Every structure is written in structure tokens, then in C-alpha cells.
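Read-outs: derived from the displayed coordinates by stated rules, not from any lab. Source: prediction; values computed, not measured. Cβ sites come from the backbone with ideal geometry, for glycine too, and all protein chains shown count toward neighbours.
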Amino acid sequence: TYVVTESCIKCKYTDCVDVCPVDCFREGPNFLVIDPDECIDCTLCVPECPVEAIFAEDDVPEDQRDFIALNAELAKVWKPIIEKKAPPADADEWAKVKNKRGMLER
Ligand code: SF4
Ligand code: F3S
């Protein structure tokens, strides 16, 4: 499966959503996750993300490994998002911020 990591938080550009052939993105207030039960490992979403938030499970960086379980957990409670929408007005500012995991809203 593929996994959304920290850099998506408060950026939520949603370019990834438009290319997913199986609509497996789920949307929270300021972050998206991938439902690991639905992802077919097509890789199409990876190059679409402007902040390089998406990794294959095996390639998730060491300091982001907790996002694997977090994607699975939140995918169970968040609703599907199937179309790209406008990012938050301050998304480009947050794109430069590295440590944002404390900002994740559920
Ligand atoms: Fe969707 Fe493919 Fe990305 Fe999985 S790898 S989330 S199936 S676009
Ligand atoms: Fe997030 Fe990147 Fe998609 S910022 S919403 S994973 S395009």
C-alpha cells in the first residue's frame, strides 16, 4: 500500500485524489490518508503531490513510520474524497514547514 506522510498536513493540495483509479483517499480536516485496504499500488499519486508526501509502505522514511498505522486508523473513520479541491489559502506557507505532526486535526 501507499502512505500519506507529515508533509501533507495543512497543505492538502489534493492533486493526488484526481489520479487515483480506485478512489482510496480519505479526507480529514487538514490531512488526507490512503485506505490500505483499497490501494492497488498503482504509484500514480506519488509524482502528483507537490510536497512529496506519498511513499510506498516499504519506502516510508524512518521518522515517518508511524504514519503507516495512522493512515490505516484514520481511513476507517474519514470519508472518501474523490475530486480535487482548492487547498487551504496558506498551504504554500505550510509546505515549507518540516515539523507539523502536532498540527494534525482529527
Ligand atoms: Fe490510489 Fe494508486 Fe496512489 Fe494507491 S498508489 S493511493 S491506488 S493512486
Ligand atoms: Fe496531501 Fe499531497 Fe495529496 S499535499 S492531499 S498528499 S497532493
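Assorted remarks:
- Unmet criterion (only one of (1) surrounded by 14 or more Cβ atoms within 10 Å (Cβ to Cβ); (2) more than 13 Å from ligand 2 (Cβ to nearest atom)) for K79: (1)
- Residue that is nearest to G102 (Cα to Cα), among those in the stretch 1-46 that are of a type in the set (A, V, I, L, M, F, W, C) and more than 12 Å from ligand 1 (Cβ to nearest atom): I9
- Listed by first and then second residue, the pairs linking a residue in the stretch 12-29 that is within 21 Å of D92 (Cα to Cα) to a residue that is near ligand 2 (Cβ under 10 Å from one of its atoms) and of a type in the set (F, W, Y), with Cβ atoms under 7 Å apart and 6 or more places separating them unless they lie on different chains, are K12/F31; C16/F25; V17/F25.
- Criterion (over 15 Å from V77 (Cβ atoms) and in contact with a Lys or Arg (Cβ under 7 Å, 6 or more places away or on another chain)) met by exactly one of D23, D41, D18: D18
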